Structure formats: C-alpha cells, structure tokens
C-alpha cells in the first residue's frame, strides 16, 4: 500500500508541471495555426490584388478607351468643360456650361450610356475588392493607382451625381479618395524636400551696424 501511495503522490505532484507543459504545447500549436492562417490570408490578398491589376489592364483600360472614343465621336464637351475640385474627402463638381448647353450635353451623354455604364460597373467591381480589404490595395496603388485616379477624376462630373444617393458606385469614389489623398501627400513631401534643399543653399547675410565693433 505504501508503494502504491508513493506512486500516486508522485503522479499527483508531477501532474501540475505536466499539465503546464501540455498547455504550453497547445498554445504554441495554436500560435502556429494562427500565423499560418494569417500568412495564407496575406498570400491570398496579394494574389487577388495582382489578379485585379491584370483585370484592370486587360478589361477596364479597353473599356475606358472605348468610352473616350464615344465621347469624341459624339462631340461631348461636358467632362472637359466641368470643373472638379477635390479637397480631402470633399468633391465639388461644377459644369461650366450655360443652361441650354448643359441640357444638350446631358442629352448627348444619354447616347453613350452603354459605354459609361460598362466602365463604371467594371471599375466598381474592381474597387470593391480593395475597399473591402479582401485584396491588398497597396499593391494595386503602385501598379494602377495613377491611371485609376486620373480616369475617375475625369468622369467625376458624371459619377458624383449618380452616386449621391449612396446606392451606386460608392466604392469607386471611396478608393479614389484614398489613393488621391496618398498621391497628394507624396507630392507635398516632394515639395517639402525640394524647399528644404533650396533653404539649405541660402545663407543669411547681415550688415553690421556702424560702430558695433
């Protein structure tokens, strides 16, 4: 009995450290599983971003070209005559057209509604992946950010009125504002660097007052 009791006591006292070790192993395995899941999600995000950039080049750019051609062939000046001002999260659009000119231009826009709808739908689908965070927008920004922002800004006079009710093309606008702000910051940093370089070259000169020596 004494031997059995000794064994039980040893088992009891050893169970604490053993349980701790088992718990540590379990936590480590859980960490590995989380890290693996995080790494796989990151890979999927990068893979999807690359795929969407390829989609932009192969599908959206030809649609944009077709829309530009339709605008030229129909003599539409609505976009080039409109004034667009983007300040942070605020977009202001003002058509610089007389009332009768604006009516005519809006009528012309109806003749190319097929082309504009195809472009806006494709760009909305593209933007959705990045606004939702499913795809890494930083990858797309470096690849197609400039052409995306330029195209969206060109068509804001038509996009803004359509999206004002909050139902249509919100992701196009959201992604544009994110990327446009980033481009503005980059430009400001470049300007700051250039100004600092110019200031470093400037040496202050003073004229010592007579009798100051």
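Just so it is clear, none of the values below were taken in a lab; they were calculated from the coordinates. Predicted model only: the values in this text are computed from it and were never measured. Glycine gets a Cβ as well: all are built from the backbone with ideal geometry, and neighbour counts include every protein chain shown.
A few remarks follow.
- Rg/Rh (Cα only; Kirkwood hydrodynamic radius) as it applies to region 113-165: 0.99
- Tensor-based shape of region 45-201 (alpha-carbon gyration tensor, a/c under 1.5 rounded, otherwise prolate or oblate): oblate
- Treating each Cα of region 63-156 as an identical point scatterer and summing with the Debye formula, the log10 of I(q)/I(0) at q = 0.13 Å⁻¹ comes to -0.54.
- Rounded Å value of the spacing that divides the Cα centres of region 162-205 and region 94-131: 25 Å
- Fewest-first ranking of 134, 86, 103, using other Cβ atoms within 10 Å as the exposure measure: 103, 134, 86
- Mean Cβ neighbour count within 10 Å, used as a protection proxy, ranking 74-80, 45-51, 126-132 highest first: 126-132, 45-51, 74-80
- Between residue 187 and residue 168, full extension at 0.36 nm per residue minus the direct alpha carbon distance yields a gain of 3.8 nm.
- Inter-label distance for residue 194 and residue 81, nm, one decimal - labels placed 7 Å from Cα along Cα-to-Cβ: 3.4 nm
- Ranking of 169, 148 by count of other Cβ atoms within 10 Å, fewest first: 169, 148
- Fully extended contour minus Cα-Cα distance, from residue 89 to residue 51, at 0.36 nm per residue: 10.9 nm
- If R0 is taken as 45 Å, the Cβ-Cβ distance between residue 201 and residue 117 corresponds to a FRET efficiency of 0.25.
- Neighbour-count ranking [beta-carbon atoms within 10 angstrom, fewest first] of 123, 110: 110, 123
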